[in-house]
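Please treat every number below as a calculation from the coordinates, not as lab data. Predicted, not measured: the structure shown is a model, and the values here were computed from it. Cβ sites come from the backbone with ideal geometry, for glycine too, and all protein chains shown count toward neighbours.
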Amino acid sequence: MANYTRRTFLALTAVAASTAGFYAFTSKNKKKVVIIGGGASGVIAAKYISKAESNIDVTIIEQNQNYYTCFMSNEVIGGTRTIESIKYDYNNLQKYGINVIYSQATGIDSNLKQVHLKNGDSLTYDRLIVSPGISFNWDTIDGYDETMVSKIPHAWKAGPQTTILKQQLQAMKNGDNVIITVPPKPFRCPPGPYERASLIAQYFKHNKPKSKVLIFDSNQSFAKQNLFMQGWEQLYGYRTENSLIEWIPPDRGGKLKSVDAQAMAIETSETTHKAAVLNVIPPQRAGKIAIDSGLTDASGWCPVNQRTFESSLLPDIHVIGDACIAGVMPKSAYAANSQAKICAQAVTASLRGVEMVNPTFINTCYSVVGDEFGISVSG
């Protein structure tokens, strides 16, 4: 098991996969690349296209003027990091010549090669990169929908939801419990729910030692399970009567059936459970713009050519990040970073009419389990 200091952990999370083989673009006529979404993959794709090809006009469409990273947001929830430390703006992109339009993309016309915006404008593109992130499949949980997220936060999109969950934990009494429900795979950040449980348990250990985290899981196993459980045993008394964490898989009644917001309770396949704080993470699918534009298949995710990330359904459109079906690559920010660089190379090569080099993909995932205790996997 890898065991890191916080300094080492932060240094390692800054490492990203690199891509070689870019070519200089020499045409007098600027080509237009439009990118929907300014998250972990969209911004990286924009940056690498702009760095490689000064004669490509790159525009990001992003509805929010600030971006909150989902990675490290669990540390905010656990009280070891501030919300401001995961907040970023897009001003730095100006030095790369990248245009940023703060609006919502509402539609894609793949025949006219246009993106329609909420403000009524339309942008024409030669290549489109869609990095829409995730949306929630609200229809799958009885009694829980997007109108309830202020009382029962998911906190699976960082920002205000992160703060709500943190404040609820701080307000609960010593001895009250927290329930986290984990949706069926696939979902954004596979180890995320278990890191969240770890850091809530760390907060309880120091502040509310009579409280407990209950994880009701729709999956029989989870990412880095052995490493997490080793950490839980060492730090939180896991598998003892005084454990601060309990994990309930489906074969023990862990699958969520419904939510009762008024009673602050969940119903599972076995029984009903109440808690002072409910953190319900809904089942997920690709972001709304991808669904509305015909980029998703029956799974709710976006099939792509896994060498170039071009959509399997619509031409000259690439999909990267959590929304795409990327084989064995997980839905993580690190994987999104790697995909963005490969996609940037594919787009650049296609606009030049040359063959792209064969890509190599990489993913590394770090999780904080407790004070000065981190774990990782890579491949």
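Take the Cα pairs of segment 139-185, get the Kirkwood Rh, then feed it into Stokes-Einstein at 25 °C and 0.890 mPa s and tell me D in µm²/s.
It comes out at roughly 204 µm²/s.
Note the listed values (1) 26.8, 92; (2) 20.1, 64; (3) 21.4, 71, then indicate which one is Rg and Dmax of the Cα atoms in Å calculated from this particular structure.
Step by step, Rg and Dmax of the Cα atoms in Å for this structure corresponds to label (3).
If we count every other residue with Cβ under 15 angstrom of D142's Cβ, Lys/Arg +1 and Asp/Glu -1, where does the sum land?
Computed value for this residue: -3.
Sorted from fewest to most neighbouring beta carbons within 10 Å, what does the list F222, F309, F187 look like?
Listing F222, F309, F187 from fewest to most nearby Cβ atoms yields F222, F187, F309.
In what order do T181, T162, T80 fall by count of nearby beta-carbon atoms within 10 Å, going from fewest to most?
Least crowded to most crowded, the residues run T80, T162, T181.
Arranged from highest to lowest average of other beta-carbon atoms within 10 Å per residue, in what order do the peptides 98-107, 289-298 appear?
In decreasing order of mean packing, 98-107, 289-298 become 289-298, 98-107.
What order do you get for E146, E372 when you list them from fewest to most C-beta neighbours inside 10 Å?
In increasing order of surrounding Cβ atoms, one gets E146, E372.
Filter the DSSP H helices in the chain by two things, a Kyte-Doolittle mean of at least 0.0 and an axial alpha-carbon span of 27 angstrom or more, and list the hits by number.
Both cut-offs are met by 333-352.
Which of the trypsin sites (Lys or Arg not before Pro) across segment 272-329 are loop residues per DSSP, with 13 or fewer other Cβ within 10 Å?
In loop regions of segment 272-329 (DSSP not H, G, I, E or B), the sparsely surrounded trypsin sites (Lys or Arg not before Pro) are R307.
Taking each pair of different alpha-carbon atoms in segment 144-282 once, compute 1/r for the pair, average those values, and report the inverse of that mean as the Kirkwood hydrodynamic radius in Å to one decimal.
For segment 144-282, inverting the mean 1/r across all distinct Cα pairs yields 15.0 Å.
Would you pull out the residues with amide H under 5 Å of G107's amide H, same chain only if 5 or more places away, H placed 1.01 Å from N?
H116
Could you calculate the contour length gain from N91 to N119, that is, 0.36 nm times the residue separation minus the distance between their Cα atoms, to one decimal place in nm?
Between N91 and N119, full extension yields 8.0 nm more.
Could you tell me whether segment 219-375 comes out rounded, prolate or oblate from its Cα gyration tensor? Rule is a ≥ b ≥ c as square roots of the eigenvalues, rounded for a/c under 1.5, then prolate if a/b exceeds b/c, otherwise oblate.
oblate
With label points built 7 Å along Cα→Cβ from the Cα atoms of Q225 and T82, find their separation and express it in nm.
The answer from the label model is 4.0 nm.
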